[in-house]
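For reference, the structure is listed below as structure tokens.
The values are calculated or read from the model by the stated rules, or taken from the named source; none is laboratory data. This one's a predicted model, so the numbers in the text were calculated from it and none came from an experiment. Methodologically, a virtual Cβ is constructed for each residue, glycine included, from the backbone with ideal geometry; neighbour enumeration extends over all protein chains shown.
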Amino acid sequence: MKYRVYACALVLSFSVSVTGTAQRYNPGYNQDTSSPPPPPQVEKATAAAEPPTTSTVLRTNSMSALDEKKKLGSNDYVSFRVVEDRDNESQRLRVNDNGELEVPYIGPVPASGKTCKQLAYDIKGALEREYYYHATVILALDRVSEKSRGRIYVYGSVRQQGPQEIPPDESYTASKAVIRAGGFGDFANKRKVKVTRKDGKDFTVDLKRVIEEGKSEEDVVLQPDDQIYVPQRLINM
């Protein structure tokens with residue numbers, strides 16, 4: 001009886017030893033093989049962020065993005081398209097010598113002196129009256145004419161009186177014309193500079209505020225044949 005107990009104990013000890021050894025060298029030895037082990041966790045690769053596309057006027061479908069500063073003139077070229085058109089392709093149009101843009105469907109539209117945004121809304125209204133239920137007009141300046149836009153005339157209390165050519169590639173204002181004329185004379189009345197149009201309309205501009213105080217929004221954009229007169233102060237102090 002005693003020998004049988006010792007034999008059972010020896011067998012049990014040997015079994016525990018073998019099991020421990022198997023578990024130490026094979027961690028999956030005692031696992032339940034009825035269910036497969038969970039798959040390894042693999043981190044999902046995050047997609048690289050796409051670089052932002054270049055926002056250009058010709059790619060936009062919003063009229064609010066159109067330029068509202070640069071004024072068009074004769075011989076300027078613009079790119080024109082209507083978003084609702086099936087092909088949605090831009091056309092190159094030219095502002096003719098009369099200052100008009102020949103627009104598909106509606107014909108000549110006054111363009112000279114207007115910005116692309118102003119002109120686009122004019123065209124939009126004309127198209128929607130007869131041809132479109134809704135028209136989104138995209139207009140962008142393609143090439144500026146290299147020709148002069150005409151002349152203006154500066155006289156009065158400035159250093160150099162006389163005519164000036166209007167540059168083709170910028171909005172030419174009263175303050176720029178006075179600066180090109182060498183600046184104000186010693187007794188100039190900077191606050192009452194007068195701009196007279198060829199149709200008789202006139203404006204009084206306070207160029208002291210524009211030039212010295214930075215109120216550029218009060219400046220006047222000049223048109224061909226404008227006359228800029230700088231008076232003298234009544235009391236020279």
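What the table below lists for this structure:
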read-out: Residue match in the stretch 45-55 (condition: under 18 Å from the mean Cα position of the chain (by Cα), part of a loop (DSSP other than H, G, I, E, B) and at pLDDT 65 or above); value: no
read-out: Residue count for the stretch 98-109, restricted to those that are at pLDDT 90 or above and either surrounded by 14 or more Cβ atoms within 10 Å (Cβ to Cβ) or acidic (Asp, Glu) (or both); value: 6
read-out: Residue in the stretch 195-206 that is touching a strand residue (DSSP E or B) at 6+ places or on another chain (Cβ under 8 Å) and touching a residue at least 40 places away in the same chain (Cβ under 8 Å) present; value: no
read-out: The one condition in (1) touching a residue at least 40 places away in the same chain (Cβ under 8 Å); (2) surrounded by fewer than 16 Cβ atoms within 10 Å (Cβ to Cβ) that ARG86 fails to fulfil; value: (1)
read-out: Test: residue in the stretch 160-167 that is in a strand (DSSP E or B) and of a type in the set (S, T, N, Q); value: yes
read-out: Residue identified as modelled with pLDDT under 90 and buried (at least 19 other Cβ atoms within 10 Å of the Cβ) among ARG159, ARG149, ARG143; value: ARG149
read-out: Any hit, the stretch 129-148, residues being over 26 Å from GLN223 (Cα atoms), among the charged types (D, E, K, R) and either assigned by TED's automatic domain parsing to the domain that holds TYR172 or under 21 Å from the mean Cα position of the chain (by Cα) (or both); value: no
read-out: Qualifying residue in the stretch 190-212 (condition: assigned to a loop (DSSP other than H, G, I, E, B), touching a Gly at 6+ places or on another chain (Cβ under 8 Å) and not aliphatic (A, V, I, L, M)); value: no
